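Report on the structure given below.
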Amino acid sequence: MQKKERSDGLAPEPKPQQRKKKRGFGYGAMRGSEGCVSCTTFNILAPIYKRLDKEDQSRRESQYRAYWLSRNQSIIDRLLADLSSIICLQEVWLGNDELVNMYEKRLGDAGYISFKLARTNNRGDGLLTAVHRDNFRVINYRELLFNDFGDRVAQLLHVESIVPFWQSRSSSIEQQILIVNTHLLFPHDSSLCIVRLQQVYKILQYIESYQKEHKLSPMPIILCGDWNGSKRGHVYKFLRSQGFVSSYDTAHQYTDSDADAHKWVSHRNHRGNICGVDFIWLLNPNKHRKPLKTSWNEAVFGIIKYLLRSASLSEDNAFAFLKADSPGHYVTYSGFCQALCQLGLTGHPNGLNSQETEDLWIQADIDGDGVMDYEEFQQRIWSPLLEQPEEIFEEGSDEEINTGEERQQAFGFNVKDAVLFPPEVEKGMWPENYSLSDHAPLTVVFSPVRIPCDQPVC
C-alpha cells in the first residue's frame, strides 16, 4: 500500500511506536526481588531542541504537535512499562502545558508523585523527578538554581522507604535516601570545564549543608542525570574522588581505565559524536570521603594541567609558563594568578573568583613559604599522587555483624543490575532506528544492605 503524503511536504504523521520485547526491569520484576529499589534517568530531548532537518536547522519538532506528542507518549509508555521506584527526567518541555499535563497525569495515575523545575531565564525546558508512592514518602524537596552560564538547575528529594527493608529488630536503622536530578552544561569549549565542575561542587556543597542543617543520620545518596561528560572527564574524576561510584560501571565491573572508557555510550550529540554521559551515581554512608574542598582543588589542578598540555607544553615549559617573569626558579602568587587568567580560568563572570584562586594557591604552596617551587608544582599539578577511591563494598549478610562490640548500623545499597536501552549502546554503538531521544534511558536496580558505620566517617 502506498503511504499517504502530507500536503506540507513532511513525512506522514508518525504512529505510536510498537514496543519491542527488551531486557529491562518491569514493576513485576522489581517486586519479585523483595526490597529492591529501581531508578531510571533519561534525557528525553525537548522538542524545542530536536532538529527535523539537517539542511534546515530552524525546523524543530516543537512546530509539529503530532510529532512531539507521539514521541513523548512512547517515552511515557516505556517509563510505565518499567515502573521504576524513582524516575529522573531531563529536558522536559516545561514551556508546553499540554506536554507537562500529559506527564503529570499519566505518572500520577500510575502512582507517582512528581516535581518539576524549569531552567532559569525561561529557557523552555527543565527537570522532572517522580517517585512511586508505593515505595517512598517524600520528606523534603529542595530546588537548586545555579544562576550561572547555561541557566542550569538541580532537584534534591529527601525520601523514606514506605515499607521497611528489615523488620522490627533493625527498625532503628533509618531507611532514607537523598536523590538529586540534574543536567550539567554542555562543554562547548574548554573554558566551560570550570563552570561544569562548579555546578557539581555546588550540588555536593548543598548536600553537605542540608545534612548538617537537618542533623541527618547516615544515608545513601543517589545522583542522577545527564552529566554531559564522559568517564575521562574532570566531573567524573571529581565525583569518584568523593567516593561516588557509577552504578552502570559497577554492575558491569568496568574500571576507570581508558580501556573501559568507551565500552558503552548513552548519547549521540548534536555534533554526531556518541559518548557515555548519563549516570546514576551512588554514595554509601560507609565511604571514606576526603574534605570536599580538597577534592575541588585537586579537580581544578587537573583542569590546569589539561589546559597546559592542550597548549602542547612540556613539564618544564608548563612550569616556566606559570612562573612567568619571576626572577627565581619558583612561581609567585601574582604569576600564578596571571597564568590562570591566560588559561581562561579567571577574569570573567564564569571563572574562578578571588577566594577560590587564593584557596588553590594555599594548597599549591605546600610548605607555606609564599612561593611554589618545581617540586610543589609536580606534586600538586603535573604528577599528583591522588588517593584512589574505594570500590563498592561486597554484598553482606542480612544478619547483624558481630564484632564483639556494638557498632553503629547504617542502611546502604549494592548495585544489583543496570541496563541501558537500546541494547546496542551497551556495546558502544548507536542504532540509526532508535527514535525515542538522542539519549538512552539508564535503569539501575539497587538491593538494600546493612553496613557497619563507624564515626566520624559517617
>> Give me the residue from the stretch 141-153 that is outside any loop (DSSP other than H, G, I, E, B) and without any contact (Cβ under 8 Å) to a residue 60 or more places away in the chain and, out of that set, surrounded by the fewest Cβ atoms within 10 Å (Cβ to Cβ).
In response: Glu143
> Mind checking whether some residue in the stretch 347-366 is of a type in the set (Ser, Thr, Tyr) and touching a residue at least 24 places away in the same chain (Cβ under 8 Å)?
Replying inline: no
>> Here are the criteria: (1) more than 30 Å from Ile222 (Cα to Cα); (2) in contact with a Phe, Trp or Tyr (Cβ under 7 Å, 6 or more places away or on another chain). Tell me which single one Ser295 does not satisfy.
In response: (1)
> Is it true that some residue in the stretch 99-117 is charged (D, E, K, R), under 19 Å from Phe42 (Cα atoms) and touching a helix residue (DSSP H, G or I) at 6+ places or on another chain (Cβ under 6 Å)?
Replying inline: yes
> Is it the case that Phe244 is more than 12 Å from the chain's Cα centre (by Cα) and touching a residue at least 24 places away in the same chain (Cβ under 8 Å)?
Replying inline: no
>> Looking at Arg196, Arg268 in this structure, which one is farther than 30 Å from Ile362 by Cβ and out of contact with any Ser or Thr (no Cβ under 7 Å at 6 or more places or on another chain)?
In response: Arg268
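Every number in this text was worked out from the coordinates using simple rules, so none of it is lab data. Remember, it's a predicted structure, so these values are computed and weren't measured experimentally. Glycine gets a Cβ as well: all are built from the backbone with ideal geometry, and neighbour counts include every protein chain shown.
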